[in-house]
Amino acid sequence: MTSPNTPDIRTGPDNDTVLTVLRLAQRAPSVHNTQPWHWTFDGIRLHLHTDPDRMLPATDPHGRQQVISCGAVLHHARTAFAAHGWHTDTTRMPDPHRPNYLAAIEFRPWPNPPAGVATRAEMIARRRTDRLPLLPPQGWNGLLHSLRKLASPHETTLDVLDKSTRARLAGLSAQAAAARKHDDMYQMELHWWAGHSGVPEGVPRSALVSDAEFARVDVGRVFPSAPHSVRRAELTDQAEVVALGSTGESVPHWLHTGEALSAILLECTTAGLATCAVTHVTELAAGRRAIADLLPHHAVPQAVIRIGTAPSDEPELPPTPRRPLADVLTIRRP
């Protein structure tokens, strides 16, 4: 006989658990904080789709970053379900005729998930994107081995862009920004999604940096400027920069990249480090090819991440907004 505290293998988690988990998973990072996903729970299985209304036609015409964002929320959800005692058997791209249908999840009890899962689940609510200059990451050599192990199950490589390539990478970052400077559609999207407050989506003004602060970060996206400030005035960015790479360009590759990105960000947060995904340098195919020339593997660079240490005497960065769960989740009766 099943005890009251034992998950029901016939139905999977109850609605309350699904709501709790997906409310936490909503904290996943996404391009311009568009949160471009939609979940459906039928009482037994959980289904993940892209939200076509949140496509960025100028920034992301092929939906690559949208799918990477959905991969991040998928991994966030699976991590949180594991912390609640559920193993998630995940079928990616379950219907080839429905490209927006990214994953179907079935559940079975998992009373003893691997060490570290519960901690990473706790870090979901604490992770922030830090666009300010950073100190070098503490404990980097030991952490790097762990990060590569976390990326590997997602068919993704993790390479460090060493100091000898930093100037070249900074140049590619500047070139990527210059290539979009006079793209009116791109700039309209950027300003639509960034710099506003009091809305449940987009990059709020509190998460942006001033021109003076951005000048000390050599690899970063040019967002609308925050009001003038000089936080961390004594610092020039000393973060390590890593690239997540895949073996090709397809929806499954992008989805796996997002899952690996989630795992890397949560592990870095667990280690007390600050992170910032730098997506503009890989938006264009030419940028990805140029970054590939800086890497030791013949992988397609899909995401670039700055990893460093924030000064310890600062208050925690405020969380960015998230859409109400009712906007991204449909529960259907079995």
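The values are calculated or read from the model by the stated rules, or taken from the named source; none is laboratory data. Everything numeric in this text was worked out from a predicted model, so none of it was measured. No Cβ is skipped: glycine too gets one built from the backbone with ideal geometry, and neighbour counts run over all protein chains shown.
Starting from region 49-61, keep only residues that are in a loop (DSSP other than H, G, I, E, B), then list their pairs with residues that are β-branched (V, I, T) whose Cβ atoms are within a distance under 8 Å, requiring at least 6 positions of separation or different chains.
Here the result reads D51/V328; L56/V31; L56/T34; T59/V31; D60/V31, each pair linking region 49-61 to a residue that is β-branched (V, I, T).
Answer yes or no as to whether A286 is surrounded by fewer than 24 Cβ atoms within 10 Å (Cβ to Cβ), farther than 20 Å from R120 by Cβ, more than 20 Å from the chain's Cα centre (by Cα) and touching a residue at least 40 places away in the same chain (Cβ under 8 Å). Don't jump to the end; show me each part of the working.
Values: surrounded by fewer than 24 Cβ atoms within 10 Å (Cβ to Cβ): yes; farther than 20 Å from R120 by Cβ: yes; more than 20 Å from the chain's Cα centre (by Cα): yes; touching a residue at least 40 places away in the same chain (Cβ under 8 Å): no.
Answer is no for this residue.
Buried (at least 19 other Cβ atoms within 10 Å of the Cβ), over 28 Å from G202 (Cβ atoms) and free of Cβ contacts under 8 Å to residues at least 60 places away in the same chain: which single residue out of A82, A104, A77 fits that description? Steps first, answer last, please.
Numbers: A104 fails: buried (at least 19 other Cβ atoms within 10 Å of the Cβ); A77 fails: over 28 Å from G202 (Cβ atoms).
Of the residues listed, the single one that is buried (at least 19 other Cβ atoms within 10 Å of the Cβ), over 28 Å from G202 (Cβ atoms) and free of Cβ contacts under 8 Å to residues at least 60 places away in the same chain is A82.
Any chance region 109-119 includes a residue that's crowded, with 17+ Cβ neighbours inside 10 Å and either assigned by TED's automatic domain parsing to the domain that holds T269 or within 18 Å of the chain's Cα centre (by Cα) (or both)?
Step one: of region 109-119, the residues crowded, with 17+ Cβ neighbours inside 10 Å are 110, 113, 117.
If we keep only those that are either assigned by TED's automatic domain parsing to the domain that holds T269 or within 18 Å of the chain's Cα centre (by Cα) (or both) as well, we get 117.
Yes, some residue in region 109-119 is crowded, with 17+ Cβ neighbours inside 10 Å and either assigned by TED's automatic domain parsing to the domain that holds T269 or within 18 Å of the chain's Cα centre (by Cα) (or both).
Can you find a residue that is in the same structural domain as A151 (by TED's automatic domain parsing) and touching a Phe, Trp or Tyr at 6+ places or on another chain (Cβ under 6 Å) anywhere in region 223-239?
At the first step, the residues of region 223-239 found to be in the same structural domain as A151 (by TED's automatic domain parsing) are 223-239.
With the extra rule that they be touching a Phe, Trp or Tyr at 6+ places or on another chain (Cβ under 6 Å), the set shrinks to none.
The answer is no, given that none of the residues of region 223-239 is in the same structural domain as A151 (by TED's automatic domain parsing) and touching a Phe, Trp or Tyr at 6+ places or on another chain (Cβ under 6 Å).
Out of all the residues in region 298-334, which are in a loop (DSSP other than H, G, I, E, B), under 18 Å from the mean Cα position of the chain (by Cα) and surrounded by 13 or more Cβ atoms within 10 Å (Cβ to Cβ)?
Once the filter is applied, which keeps residues that are in a loop (DSSP other than H, G, I, E, B), under 18 Å from the mean Cα position of the chain (by Cα) and surrounded by 13 or more Cβ atoms within 10 Å (Cβ to Cβ), region 298-334 yields L317, P319, T320, P321, R322, R323, V328.
Can you confirm whether H76 is closer than 30 Å to T282 by Cα, touching a Ser or Thr at 6+ places or on another chain (Cβ under 7 Å) and not assigned by TED's automatic domain parsing to the domain that holds R288? Break it down into steps so the answer makes sense when it comes.
On the way: closer than 30 Å to T282 by Cα: yes; touching a Ser or Thr at 6+ places or on another chain (Cβ under 7 Å): yes; not assigned by TED's automatic domain parsing to the domain that holds R288: yes.
In short, yes.
Step by step: first the residues of region 147-176, then only those that are among the polar types (S, T, N, Q) and crowded, with 16+ Cβ neighbours inside 10 Å, then the one that is modelled with the lowest pLDDT. Which residue is that? Walk me through it before giving the result.
Keep residues of region 147-176 that are among the polar types (S, T, N, Q), which gives 152, 156-157, 164-165, 173, 175.
Filter once more, keeping what is crowded, with 16+ Cβ neighbours inside 10 Å: 156-157, 165, 173.
Numbers: T156: 96, T157: 96, T165: 92, S173: 96.
The residue in question is T165.
Just one of R166, R148, R131, R120 is under 28 Å from R231 (Cα atoms) and part of a helix (DSSP H, G or I); which is it? So that I can check it myself, show each step before the final result.
Details: R148 fails: under 28 Å from R231 (Cα atoms); R131 fails: part of a helix (DSSP H, G or I); R120 fails: under 28 Å from R231 (Cα atoms).
Among R166, R148, R131, R120, only R166 is under 28 Å from R231 (Cα atoms) and part of a helix (DSSP H, G or I).
Which is assigned by TED's automatic domain parsing to the domain that holds R168, modelled with pLDDT of 95 or more and surrounded by fewer than 21 Cβ atoms within 10 Å (Cβ to Cβ), of G272, G198, G245?
Numbers: G198 fails: modelled with pLDDT of 95 or more; G245 fails: surrounded by fewer than 21 Cβ atoms within 10 Å (Cβ to Cβ).
Only one candidate qualifies: G272.
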